[in-house]
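The values are calculated or read from the model by the stated rules, or taken from the named source; none is laboratory data. Please read all numbers here as calculations on a predicted model, not as lab measurements. Because the Cβ atoms are built from the backbone with ideal geometry, glycine has one as well, and the counts that use them run over all protein chains shown. Side chains included, ligands, DNA and RNA excluded: accessible areas come from the protein's heavy atoms. Shrake-Rupley method; radii C 1.70, N 1.55, O 1.52, S 1.80 Å.
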Amino acid sequence: MGSREKILSALGTARNRGFEVELSFPILSFGDRVCAFVENLKKAGGESIVVEGELSKILAREVGDADSVVDTTSILYGSFSYKKGEEVDVAILGADLAVAENGALWIDTEDRYPRSLLTLARKIVVILEEDAIVDTMHQAYERVDFSKVSYALFMSGPSKTADIEQSLVFGAHGAVAMTAVLIPSKRA
Amino acid sequence: MKNHAAEAEKFVADSARAHWHDEALWYVRRKRDVAASQLPEWEELREVAGKIKKNTVENLAYYLELFEREAQNNGIEIYWAMDARECNETVEKILREEGARRIVKSKSMLSEECGLNDYLQERGYEIVDTDLGERIVQLHGDRPSHIVLPAIHLKKEDVSEIFHEHMATRKGESDPEYLTKEARKSLRRSFLEADAAITGVNFALAREGAFVVCTNEGNADLGTAMAGVHIACMGIEKVIPSARELGVFTRLLARSATGQAVTTYTSHFRRPKAGGRLCVVIVDNGRSGLLSSGESEALSCMRCGACMNSCPVYRRSGGHSYGSTIPGPIGSVLSAAGNMDEFASLPFACTLCASCDNVCPSSIALHDLLYGLREDAIKSEAYRGKRTLLKAAAWLLLHPSLYAFVMNLYRRLYPFIPRRILYGRWNVWGRERELPEPARRSFAQIYEEMSDGK
Ligand code: SF4
């Protein structure tokens with residue numbers, strides 16, 4: 001008998017899913033989700049900019065005089081190329097989901113570029129429509145369609161550590177800075 | 001047997017450092033309190049998390065099989081390991097197939113439990129812990145003393161020395177920002193050259209056939225993005241039904257651990273990257289045995305560390321005093337339940353204050369479990385002396401006239417017993433306390449006199 005069978009049989013013969021646990025309590029909601037998102041991302045060390053005027057101008061300002069920029073949204077530059085393991089100054093990404101309660105942005109590589117871009121870019125700029133901000137992680141996971149995901153993450157601010165005497169330092173391994181660029185909802 | 005009290009004594013010998021350790025952890029605990037207070041539904045969330053874990057653990061075979069099937073459909077390779085040895089062998093087998101020599105590892109308490117680092121190093125692999133705290137501890141030839149804050153027992157001056165010795169940082173420079181940046185540079189090279197990446201698993205999603213790794217540093221993401229093969233080791237209890245439940249756990253984990261609203265990177269792995277391999281090793285190593293014991297609730301633990309930060313004993317005795325991979329209240333439960341002969345002193349490393357129960361995001365009744373384990377501990381060989389003494393005391397208390405006689409004798413002799421004997425080595429209680437002067441007459445005597453007088 002292999003280990004798989006040994007372990008499974010040690011767990012008993014019953015094979016059922018038990019019950020589905022209800023989430024039957026009121027869940028935190030925000031009057032102004034954008035405001036809460038901005039505030040919570042800030043707590044996590046990230047910046048936010050609400051777009052007024054032309055998006056590409058704002059992106060250009062965010063990029064500044066960086067040497068290497070990978071724009072996966074093709075808004076600032078028409079196309080992009082990125083090879084695994086390349087260290088770049090700025091990565092521009094798009095997100096279509098974010099969470100007000102913790103400032104996290106859902107970043108899905110969709111296998112369009114090597115995963116290392118997300119950690120080897122010194123600065124990450126994420127473009128997001130304000131409509132895409134939900135209250136909490138509960139609503140966030142309702143919106144994710146995992147059948148399309150290979151690798152995706154909720155990212156809240158730049159990489160950080162407090163492993164030396166609880167002193168917070170940004171840029172432990174991945175991005176040193178993160179900016180969310182918020183596009184106001186059309187309804188507003 | 002490991003002796004927690006004796007080990008703790010070494011830790012408290014440096015009282016300034018012990019005090020600092022206590023404060024540092026209490027600071028983290030307070031951050032947790034602030035984060036928890038910001039969610040009106042906090043207590044409901046904890047309750048639900050406990051229920052979800054309980055339900056999953058009770059139907060673990062179903063969820064593990066579902067996870068396996070779905071993960072395989074997604075191109076993830078699934079391996080099963082009965083014990084630590086098989087886990088290590090499986091990992092090595094995969095590394096050999098890939099011809100991998102250089103390995104980056106992000107935090108995994110399971111790999112600590114299995115002694116994976118030593119196993120691989122002995123066989124010539126170069127394994128680098130990439131979590132900053134774990135890296136410090138690794139360079140120091142030390143072990144983590146906390147599951148979330150592995151280097152909490154070290155001060156920045158210690159880190160400065162360790163880095164100076166191993167990474168040639170400036171001598172005496174102990175600014176955390178500087179030290180972190182130097183570690184970033186040094187580890188960046190390891191990441192870029194890695195052949196294989198090993199991670200733990202925070203949550204495995206049965207229905208989605210995916211798993212989640214949570215870090216603040218992004219080290220799991222960077223390592224797995226660079227290396228050709230990603231090996232994730234998970235205990236069988238890490239599976240949860242689906243992403244729906246993940247919402248509950250991601251809301252609780254970081255808030256309980258560090259007071260953050262969420263970990264910086266909450267990363268979902270569902271398919272291998274192009275040209276790469278994604279392997280999951282599902283490890284039992286005593287967990288299925290725990291399931292049928294009175295301590296099965298301990299399998300609900302999500303390894304947030306809140307019980308440690310809250311524990312007055314842990315904060316004052318340090319993680320190493322427990323002598324187990326996982327310290328603190330949950331570590332005491334897991335270790336004692338798994339190997340009572342070795343860890344019989346751990347259920348006593350507890351004041352039964354229940355502070356841990358009140359913070360545990362999985363609502364584990366830790367102090368009840370510890371109390372129950374004491375009853376088993378006292379039966380172990382290590383406590384034979386104490387057991388005999390207690391039995392003798394119980395016998396004495398059951399014989400009132402003999403008891404009265406002995407106590408009378410003690411009252412008379414007390415003034416003549418030399419301190420040397422009364423406070424000898426046998427009297428552990430007398431080390432920090434003075435015995436009260438015995439009353440000249442016993443309660444029974446006084447009572448008798450008073451009723452006579454009526
Ligand atoms: S027992 Fe509870 S409080 Fe302790 S580490 Fe596990 S989940 Fe956290």
Quiz item: Looking at segment B:283-297, which residues lose a minimum of 10 Å² of accessible area between their chain alone and all protein chains in place, measuring with a 1.4 Å probe and not counting ligands or nucleic acids?
Solution: B:Asp284, B:Ser288, B:Leu291
Quiz item: Using 7 Å Cα-to-Cβ label points, what is the A:Lys186/A:Asp131 separation (nm, one decimal)?
Solution: 0.6
Practice problem: Calculate the mean, over all residues of peptide A:118-130, of how many other protein chain Cβ atoms lie within 10 angstrom of the residue's Cβ. | Solution: 2
Quiz item: Over segment B:39-288, what is the mean sequence separation of C-alpha contacts under 8 Å (at least six apart), divided by residue count, expressed as relative contact order in percent?
Solution: 28
Quiz prompt | Phi to ³J(HN,Hα) by Karplus 6.51 cos²θ - 1.76 cosθ + 1.60 over segment B:32-37, Hz, x for Gly, Pro | solution = 4, 4, 4, 4, 5, 5
Practice problem: Specify the angular offset, from 0 to 90 degrees and rounded to the nearest 10, of the alpha carbon long axis of helix B:328-338 from the longest principal axis of the alpha carbons in chain B. | Solution: 90
Quiz item: Which lysines, on any chain, are close to B:Lys31 with Cα under 16 Å apart, when same-chain ones fewer than 8 places away are left out?
Solution: A:Lys43
Practice problem: Just tell me how shielded B:34-44 is by partners: mean number of partner chain Cβ atoms within 10 Å of each residue's Cβ, no decimals. | Solution: 2
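How high is the FRET efficiency from B:Leu409 to A:Phe25, r the C-beta distance, R0 60 Å, rounded to 0.05?
Efficiency at R0 = 60 Å is approximately 0.40.
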Quiz prompt | Linear extension gain, B:Asn73 paired with B:Leu192, 0.36 nm per residue minus alpha-carbon span | solution = 39.9 nm
Self-check item: Within the accessible area of segment B:123-275 (1.4 Å probe), percent carbon and sulfur
Solution: 45
Exercise. With everything on Cα atoms, drop me the angle between helix B:366-377 and the longest principal axis of chain B, reported from 0 to 90° to the nearest 10.
Key: 60
Exercise. Could you do me a favour and compute the accessible area per residue for segment A:68-157, 1.4 Å probe, result in Å²?
Key: 33
Exercise. May I ask for the distance between the Cα centers of segment B:28-70 and segment B:369-404, given as a whole number of Å?
Key: 39
Practice problem: Return the calculated 222 nm mean residue ellipticity for chain A, to the nearest 500 deg cm²/dmol, obtained by summing -39500 (n - 2.57) across DSSP H runs with n ≥ 4 and dividing by the residue count. | Solution: -5500 deg cm²/dmol
Self-check item: chain B - percent relative contact order, Cα under 8 Å, separation 6 or more
Solution: 22
Quiz prompt | Cα-centre dipole for segment B:399-453 with unit charges at Cβ (Lys and Arg positive, Asp and Glu negative), debye to 20 | solution = 440
Quiz item: Excluding ligands and nucleic acids, what accessible area in Å² is computed for B:Met1 using a 1.4 Å probe, to the nearest 10?
Solution: 110
Self-check item: chain B, helix-only ellipticity at 222 nm - DSSP H runs n ≥ 4, -39,500 (n - 2.57), divided by all residues, nearest 500
Solution: -16000 deg cm²/dmol
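Ignore the peptide's own chain and count Cβ atoms of other chains within 10 Å of each Cβ in A:30-42; give me the average, rounded.
For this peptide, the per-residue mean of nearby foreign Cβ atoms is 0.
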Quiz item: Under a plain spin-label model, where a point goes 7 Å from the Cα along Cα-to-Cβ, how far apart in nm are A:Ile49 and B:Arg101?
Solution: 4.6
Exercise. Compare the peptides B:156-162, B:310-316 by average per-residue count of other Cβ atoms within 10 angstrom and give them in order, highest first.
Key: B:310-316, B:156-162
Quiz item: At a Förster radius of 51 Å, what calculated FRET efficiency corresponds to the Cβ-Cβ distance of B:Glu122 and B:Thr388, to the nearest 0.05?
Solution: 0.70
Quiz item: Considering the dipole of chain B built from charges on the beta carbon (Lys and Arg +1, Asp and Glu -1) around the Cα centre, which of B:Ala261, B:Ile417, B:Thr56 is farthest to its positive end?
Solution: B:Ile417
Quiz item: Based on the alpha-carbon gyration tensor of segment A:29-183 and its eigenvalue square roots a ≥ b ≥ c, which shape applies: rounded if a/c is under 1.5, prolate if not and a/b is larger than b/c, or oblate?
Solution: rounded
Quiz prompt | Among the listed pairs A:Lys84/B:Lys156; A:Lys6/B:Lys93; A:Lys160/B:Lys51; A:Lys84/A:Lys148; B:Lys10/B:Lys386, those beyond 29 Å (Cα-Cα) | solution = A:Lys84/B:Lys156; A:Lys160/B:Lys51
Exercise. Relative to the longest principal axis of the C-alpha atoms of chain B, give the angle of the C-alpha long axis of helix B:384-397, reported between 0 and 90° and rounded to the nearest 10°.
Key: 40
Exercise. Calculate, for segment B:157-283, the solvent-accessible area per residue in square angstrom, rolling a 1.4 angstrom probe over the heavy atoms of the protein chains.
Key: 25
Quiz item: Looking at the P(r) of the protein assembly as shown, how many percent of alpha-carbon pairs lie beyond 47 Å?
Solution: 21
Quiz item: For chains A and B, what's the summed buried accessible area, probe 1.4 Å, to the nearest 100 square angstrom?
Solution: 6600
Quiz item: Say each of B:Asp14 and B:Arg431 gets a label point 7 Å from the Cα, pointing the same way as Cα to Cβ; how far apart are those two points in nm?
Solution: 2.0
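Treating the beta-carbon of each Lys and Arg as +1 and of each Asp and Glu as -1, no other charges, what is the dipole magnitude of the protein assembly as shown about its Cα centre, to the nearest 20 debye?
1660
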Exercise. May I ask you to give the percent of accessible area on segment A:125-188 that is carbon plus sulfur, with a probe radius of 1.4 Å?
Key: 52
